[in-house]
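Engineer: Pasting in a structure now, in structure tokens, and then I'll have a few things to ask.
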Amino acid sequence: MKKVSAFVSILGLAILASSCCKSVIDTQLNVIPQPSSVEVYEGRINIAGADFSIDNSFDSIAVNALRKFESNLVSASGIATGESGNRIIVKKSESLASEEYNISVNHSSVTIKASSAKGVLYALETLKQLLPLEIYDGGKSGCEDNSNEWTLPYMSIKDEPRFSYRGMHLDVSRHFFDVSEVKKYLDIMAIHKMNIFHWHLTDDQGWRIEIKKYPKLTEYGAIRKHTLIGHLNESCEYDNTPYGEGCYYSQEQIKEVIEYAAAKGIEIIPEIDMPGHMLAALACYPELGCTGGPYEVWGRWGVADDVICAGKESSMEFLEDILAEVVELFPCRYVHIGGDECPKVRWQECPHCQAKIAELGLKDDENHQAEHYLQSYVTNRMEKFLNERGKSLIGWDEILEGELAPNATVMSWRGVSGGEKAAEMGHDAIMVPSSHLYFDHCQAKDRENEPLSIGGYLPIDKVYSFEPYGEAMSEEEKSHIIGVQANLWTEYIHTPEHLEYMLLPRMSAVSEVQWCRKDERDFDGFMSRMPSMIKIYEYLGYNYAKDKK
Ligand code: TNX
């Protein structure tokens with residue numbers, strides 16, 4: 001009897017002890033974007049010297065990411081794999097959504113569960129933010145993180161993103177950023193668990209993608225003879241310096257960037273802006289414009305009246321030829337065809353455009369002019385071309401003017417109303433309102449001490465406050481808001497340092513808008529986690545804007 005009661009009390013103590021260890025001591029970690037659910041328990045595991053394993057059903061992206069993590073851990077900690085007896089295990093769990101992951105950490109192991117490579121990538125990004133900074137590069141940067149403690153708390157994390165589309169855009173036309181700079185941009189995106197890179201490859205000021213059928217586009221269309229000095233509203237002086245010789249990506253380089261991005265879980269959406277913002281192309285092929293030119297690759301900013309002629313069959317075939325090469329090159333399901341800021345003044349005067357309007361029976365009505373419907377004809381035609389090749393079209397919200405192409409996704413930049421309207425009509429939409437998500441806008445009120453910029457004022461708290469669901473939206477409409485993106489236009493951004501300055505730390509804020517649900521977001525909490533992210537920026541040598549108000 002005595003023995004039994006002793007046994008019972010030992011058992012009781014054991015249960016008590018184990019439940020003690022399991023008591024939650026925290027529900028927050030210094031991770032951005034903040035995971036959906038966190039429980040931290042008493043105790044820590046040392047992962048230096050851990051053994052690594054991964055289910056063999058994962059693809060090479062997951063396996064390579066884990067290998068990289070392992071090699072950085074080994075070189076930074078100086079301890080070989082397998083020496084400690086602890087384990088890092090990556091398991092397939094088909095019940096998790098494609099971007100979801102779980103992490104559980106106890107005294108002997110770190111277990112990651114995911115159903116796809118993306119989940120594994122995000123789990124590793126989360127773990128990196130909890131470890132010494134050398135985990136990012138194996139200690140190569142030479143900077144030292146004094147903590148040098150290769151431990152993680154016992155914890156359980158369950159995490160998945162709110163939106164499936166978490167984008168960042170980059171304009172490489174106004175100023176060019178080479179392959180290595182674009183890769184760095186992708187590195188920064190990956191830290192923030194973003195999954196779409198919107199590459200704005202063409203505009204009035206320079207054509208930046210090799211098109212084999214039209215070599216002039218990059219031979220001449222990449223180069224402008226001069227660039228406006230200072231701000232558009234104040235200046236009419238040019239610098240007399242040609243810009244853009246050789247500033248384009250060959251198709252081989254594009255493939256390299258696509259592969260680099262894929263290894264980080266990022267898909268690339270190419271944008272070929274049409275029918276406006278095409279002066280660089282028209283300068284090479286003036287016969288495709290309404291007036292026949294001559295045209296110049298533009299050296300100033302703004303909206304040009306000269307656009308491609310929508311009435312000439314040869315112009316439409318030119319656009320389709322370009323898209324044919326783009327579709328072959330980019331594996332992403334989406335192609336962005338721009339559609340923004342297309343003045344109709346040339347079309348109104350052009351006999352070809354007017355003949356097309358008559359042929360199609362397009363008429364002015366109370367909402368739009370016939371020329372708006374002519375733009376819809378261009379968009380529809382491009383959509384059909386893309387859909388036949390298994391791709392979906394995205395356009396800026398101007399594509400709502402006239403008649404929206406049947407399967408188009410709308411990118412809402414002039415506020416959110418375009419996105420709301422698209423969702424109402426049963427179309428997908430991506431929210432990128434310039435009011436909250438244009439990173440070419442200033443971060444400080446005191447512009448004197450800021451680099452030259454387009455203007456505006458977009459501090460980090462305003463970015464953070466953006467909520468993509470309108471109050472009056474139905475559940476059905478909400479399901480069409482597929483995500484959020486911040487845009488970086490580069491009229492006033494000439495250097496990689498300036499680019500990073502505009503990007504960071506605002507990118508951290510947008511990453512939480514994209515990843516966390518509204519009720520999980522709290523600006524003060526975010527700012528309390530921000531210093532850890534800043535340490536990462538500093539360690540990796542990223543130029544970020546400090547203490548802006
Ligand atoms: C509007 S956003 C544009 C760009 C400019 C940007 C500057 C959009 C679809 N078009 O051409 O670069 O404003 O903020």
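Engineer: Can you find, within region 92-116, the residue that is nearest to the chain's Cα centre (by Cα) among those that are buried (at least 16 other Cβ atoms within 10 Å of the Cβ) and over 17 Å from TYR154 (Cα atoms)?
Structural biologist: So, considering only residues that are buried (at least 16 other Cβ atoms within 10 Å of the Cβ) and over 17 Å from TYR154 (Cα atoms), the one nearest to the chain's Cα centre (by Cα) is GLU99.
Every residue, every condition in (1) within 12 Å of the ligand (Cβ to nearest atom); (2) more than 22 Å from ARG517 (Cβ to Cβ), yes or no:
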{"position": "TRP396", "(1), (2)": "yes, yes"}
{"position": "GLY419", "(1), (2)": "no, no"}
{"position": "SER435", "(1), (2)": "yes, no"}
{"position": "ARG447", "(1), (2)": "no, yes"}
{"position": "ILE460", "(1), (2)": "no, no"}
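Engineer: Specify which of the listed residues (GLU341, GLU349) is touching a residue at least 40 places away in the same chain (Cβ under 8 Å) and exposed (fewer than 14 other Cβ atoms within 10 Å of the Cβ).
Structural biologist: When all the criteria are applied, what remains is GLU349.
Engineer: Condition check: farther than 14 Å from TYR492 by Cα, basic (Lys, Arg), part of a helix (DSSP H, G or I) and within 21 Å of the chain's Cα centre (by Cα). Does LYS462 satisfy that?
Structural biologist: Judged against the criteria, LYS462 is a match.
Engineer: Hey, GLU267 hits all of (1) farther than 28 Å from ILE196 by Cα; (2) touching a Cys at 6+ places or on another chain (Cβ under 9 Å) but one; which does it fall short on?
Structural biologist: (1)
Engineer: Restricting to region 232-286, name every residue that is in contact (Cβ under 8 Å) with a residue 60 or more places away in the chain, among the charged types (D, E, K, R) and in a loop (DSSP other than H, G, I, E, B).
Structural biologist: Passing the criteria: only LYS264.
Engineer: If only one of LYS255, LYS216, LYS212 is touching a Phe, Trp or Tyr at 6+ places or on another chain (Cβ under 9 Å), among the basic types (Lys, Arg) and more than 16 Å from the ligand (Cβ to nearest atom), which one is it?
Structural biologist: The match here is LYS216.
Engineer: Considering only residues that are more than 22 Å from GLU259 (Cβ to Cβ) and touching a residue at least 40 places away in the same chain (Cβ under 8 Å), which ones fall in region 48-73?
Structural biologist: ALA48, ALA50, LEU73
Engineer: Evaluate the following for VAL432: is it in contact with a strand residue (DSSP E or B) (Cβ under 6 Å, 6 or more places away or on another chain), among the β-branched types (Val, Ile, Thr) and under 27 Å from GLY338 (Cβ atoms)?
Structural biologist: On the way: in contact with a strand residue (DSSP E or B) (Cβ under 6 Å, 6 or more places away or on another chain): yes; among the β-branched types (Val, Ile, Thr): yes; under 27 Å from GLY338 (Cβ atoms): yes.
When the stated conditions are applied, VAL432 passes them.
Engineer: Among the residues of region 194-209 satisfying the criterion of being among the hydrophobic types (A, V, I, L, M, F, W, C) and in a loop (DSSP other than H, G, I, E, B), which is farthest from the ligand (Cβ to nearest atom)?
Structural biologist: Applying the filter and picking the extreme gives MET194.
Engineer: Quick check on my filter: what residues within region 175-192 are assigned to a loop (DSSP other than H, G, I, E, B) and either surrounded by 24 or more Cβ atoms within 10 Å (Cβ to Cβ) or in contact with a His (Cβ under 9 Å, 6 or more places away or on another chain) (or both)?
Structural biologist: Within region 175-192, HIS175 is the sole residue that qualifies.
Engineer: Which one of the conditions (1) within 16 Å of the ligand (Cβ to nearest atom); (2) outside any loop (DSSP other than H, G, I, E, B); (3) of a type in the set (Lys, Arg) does ARG381 fail to meet, given that it meets all the rest?
Structural biologist: (1)
Engineer: Let me ask something additional. Consider CYS342 carefully, then state whether it is in contact with an Asp or Glu (Cβ under 8 Å, 6 or more places away or on another chain) and within 21 Å of ARG174 (Cα to Cα).
Structural biologist: Working: in contact with an Asp or Glu (Cβ under 8 Å, 6 or more places away or on another chain): yes; within 21 Å of ARG174 (Cα to Cα): yes.
When the stated conditions are applied, CYS342 passes them.
Engineer: So, one more: How many residues, within region 493-505, are within 16 Å of the ligand (Cβ to nearest atom) and crowded, with 21+ Cβ neighbours inside 10 Å?
Structural biologist: 4
Engineer: Among SER508, SER528, which is buried (at least 20 other Cβ atoms within 10 Å of the Cβ), hydroxyl-bearing (Ser, Thr, Tyr) and part of a helix (DSSP H, G or I)?
Structural biologist: Details: SER528 fails: buried (at least 20 other Cβ atoms within 10 Å of the Cβ).
None of the others qualify; the one that does is SER508.
Engineer: Within the bounds of region 77-90, is there any residue that is outside any helix (DSSP H, G or I), at pLDDT 95 or above, closer than 30 Å to TYR165 by Cβ and not basic (Lys, Arg)?
Structural biologist: yes
Engineer: Being without any contact (Cβ under 8 Å) to a residue 24 or more places away in the chain and buried (at least 21 other Cβ atoms within 10 Å of the Cβ) is the filter here, so list the residues in region 288-316 that pass it.
Structural biologist: Of everything in region 288-316, just one residue is without any contact (Cβ under 8 Å) to a residue 24 or more places away in the chain and buried (at least 21 other Cβ atoms within 10 Å of the Cβ), namely TYR295.
The values are calculated or read from the model by the stated rules, or taken from the named source; none is laboratory data. None of the values given here were measured: they were computed from a predicted structure. In this analysis, Cβ positions are derived from the backbone assuming ideal geometry, glycine residues included, and neighbour counts consider all displayed protein chains.
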